[in-house]
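Take a look at the structure below.
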Amino acid sequence: MSTATRIDLVHTSPVVTTALRRELQSGPQPLRVTTAVHAWVDFQREWDFAGDYVVVDAQLDDHLPLAVKVRALRRLGSHPIVIGPGRHSPFARRAGAEGATAWIEPTQGLGATADTIRAIAAGRTPDIARIEPAGAPDVRLTDRQLQVLALFVAARGHSPAHLARVLALRTETVRSHIERGRARYRDAGHATNNRAALRSALVADGWTYDPQVWIDSGRP
């Protein structure tokens, strides 16, 4: 394995990021970690210099769904490695279909996680990190459609007006994305008469986590 392989880390926990960076840069097969940040917006400041492999926390608490992050990284030529619970869930499998290279469960522990990343960077993805990509979703969503819908169905229950302010969009534009999303899922045979029903449709397609995953992980 060439030590020229570049690794970037984007994880919400400074403790995890610091410890994983040290682990990856030590030992007989060190990797070059060029960026280690705790928020996607911080990573975007290094946008033109994304590493060969980018390790991303599946549960970054921000305004961009994981599938959109994966798409963006693939467009940059990077290979996303996701750390998060539920490797066999629709959410993980959708990430695999969108281009995620591997999925590492956080229960592996620091040393095992670093060893898994080293193996992936060497072109040998262990079975424990392989993703079975999902099939075609019932509704294919653009980056913006997915962003608006995922935020709308989130547990915080933001209003279209609030989302418009956060995303710098017109409220009418946000409402349009929501209604079109509902209509497309109705056409695909899903009930979307309320926020919970729309959330269930998005969870089934793998576009967003089941809210229980956040609760089980101790995250808001």
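The values are calculated or read from the model by the stated rules, or taken from the named source; none is laboratory data. Just so it is clear, the model here is predicted, and its values are computed rather than measured. Reconstructed Cβ throughout: ideal geometry from the backbone, glycine too, with neighbour counts over all protein chains shown. Areas reflect the complete protein model, heavy atoms only, side chains present, ligands, DNA and RNA absent. Shrake-Rupley method; radii C 1.70, N 1.55, O 1.52, S 1.80 Å.
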Would you be able to tell me the number of residues in the range 75-128 that are over 18 Å from residue 19 (Cα atoms) and in a strand (DSSP E or B)?
4
Every residue in the range 1-36 that is hydrophobic (A, V, I, L, M, F, W, C), farther than 16 Å from residue 110 by Cβ and surrounded by fewer than 18 Cβ atoms within 10 Å (Cβ to Cβ), please.
1, 4
Quick check, is residue 114 farther than 18 Å from residue 202 by Cβ and touching a residue at least 24 places away in the same chain (Cβ under 8 Å)?
yes
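Results for (1) more than 21 Å from residue 13 (Cβ to Cβ); (2) touching a Phe, Trp or Tyr at 6+ places or on another chain (Cβ under 7 Å); (3) among the basic types (Lys, Arg); (4) open to solvent by less than 30 Å² (accessible area, probe 1.4 Å), shown as yes or no for each residue.
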{"residue": "63", "(1), (2), (3), (4)": "no, no, no, no"}
{"residue": "93", "(1), (2), (3), (4)": "yes, no, yes, no"}
{"residue": "97", "(1), (2), (3), (4)": "yes, no, no, no"}
{"residue": "100", "(1), (2), (3), (4)": "no, no, no, yes"}
{"residue": "105", "(1), (2), (3), (4)": "no, no, no, no"}
Name, by its number, the condition in (1) modelled with pLDDT of 90 or more; (2) in contact with a helix residue (DSSP H, G or I) (Cβ under 6 Å, 6 or more places away or on another chain); (3) farther than 24 Å from residue 140 by Cα that does not hold for residue 80.
(3)
Name every residue in the range 169-187 that is surrounded by 14 or more Cβ atoms within 10 Å (Cβ to Cβ), out of contact with any Ser or Thr (no Cβ under 6 Å at 6 or more places or on another chain) and over 20 Å from residue 63 (Cβ atoms), in order of residue number.
184
Tell me whether the range 123-144 contains one or more residues that are more than 21 Å from the chain's Cα centre (by Cα), closer than 30 Å to residue 8 by Cβ and not hydrophobic (A, V, I, L, M, F, W, C).
yes
Residue pairs within 8 Å by beta carbon, gap of at least six or interchain, first lying in the range 155-176 and touching a residue at least 60 places away in the same chain (Cβ under 8 Å) and part of a helix (DSSP H, G or I), second open to solvent by 50 Å² or more (accessible area, probe 1.4 Å) and not polar (S, T, N, Q), listed first then second, are 166/63; 167/63
